[in-house]
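To start, the structure itself, in structure tokens.
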Amino acid sequence: MEKHVLGLEMATDPSWVENARTSIRDVLIDHAYCEQKAASSCISLIIQYPDKTELVNQLAPVVAEEWTHFEMVLAKLQARGWVLGPQRKDDYVEKISALIKKGGNRDQQLMERLLLNALIEARSCERFRLLWKEIGDPELSQFYYDLMVSEAGHYKNFLSLAKLYASPELVEKRWREILAGETEIIKNMKPREDRMH
């Protein structure tokens with residue numbers, strides 16, 4: 001089992017990017033919605049935890065960055081004569097969301113949400129790296145390289161925020177549990193070439 005540089009316990013099946021080359025329109029549409037949801041998730045955290053000053057200060061610029069990425073993906077679609085199209089169900093996010101513990105106090109709920117965001121960012125960045133290296137389209141390759149560099153630190157930001165508002169030992173324990181759960185999900189999910197996840 002390969003341990004990925006982003007802390008993930010299992011790398012994406014290489015067949016995903018091989019097949020994504022033939023479904024790039026669908027990948028771009030799905031990617032656009034991923035960026036939109038990333039911005040919305042940060043807005044939601046700010047609204048629900050306005051008293052957490054460091055969280056607000058760290059996530060406010062991420063909202064702007066993720067929305068800029070949404071606009072950039074949208075521009076890539078439209079430059080190719082494609083429209084955004086409807087949002088698609090994200091089976092991966094639905095499954096990993098089930099790994100998050102419900103209940104507990106407000107800070108425990110915050111920790112779980114921050115760890116979920118960290119996982120999504122890490123996996124997304126890993127997929128950007130694959131697209132950069134393997135997509136076979138020079139323009140999109142550079143595009144995904146730039147996004148990979150831009151977003152590489154996001155998952156670390158979410159982890160550091162979790163450790164700020166909860167015990168670092170507890171955060172590390174839960175992070176390892178969530179990574180192990182994600183590994184099982186990845187093992188049992190057939191890669192969707194028309195999805196970012």
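Where a number appears in this text, it was derived from the coordinates with a stated rule and is not lab data. Note that this is a predicted model, so its numbers are computed, not measured. All Cβ positions, glycine included, derive from the backbone under ideal geometry; neighbour counts span all protein chains shown.
Summary table
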{"quantity": "Global size of the range 1-92 as Cα Rg and Dmax, reported in angstrom", "calculated": "16.1, 46"}
{"quantity": "Principal-axis tilt of helix 24-48 within the chain, Cα atoms, nearest 10 degrees", "calculated": "20 degrees"}
{"quantity": "Length gained when the stretch ALA11-GLU54 is fully extended (0.36 nm per residue, less Cα-Cα span)", "calculated": "12.3 nm"}
{"quantity": "Karplus (6.51, -1.76, 1.60) ³J(HN,Hα), θ = phi - 60°, over the range 94-111, in Hz, Gly and Pro reported as x", "calculated": "4, 6, 6, 4, 5, 6, 7, 6, 8, x, x, 7, 4, 5, 5, 5, 4, 4"}
{"quantity": "Cα-based convex hull volume of the chain per residue, rounded to whole Å³", "calculated": "112 Å³"}
{"quantity": "Percentage relative contact order, the chain, counting C-alpha pairs under 8 Å, at least six apart", "calculated": "31 percent"}
{"quantity": "Net charge contributed by nearby residues that have their C-beta within less than 14 Å of ARG174 (K/R +1, D/E -1)", "calculated": "0"}
{"quantity": "Greater than 28 Å apart at Cα, pairs in LYS52/LYS76; LYS52/LYS190; LYS76/LYS163; LYS101/LYS156", "calculated": "LYS52/LYS76; LYS52/LYS190; LYS76/LYS163"}
{"quantity": "HN-Hα J in Hz across the range 141-155 - Karplus 6.51, -1.76, 1.60, θ = phi - 60°, x for Gly and Pro", "calculated": "4, 5, 4, 6, 5, 4, 5, 4, 5, 5, 9, 4, x, 4, 5"}
{"quantity": "For THR183, THR53, order by how many other beta-carbon atoms lie within 10 Å, fewest first", "calculated": "THR53, THR183"}
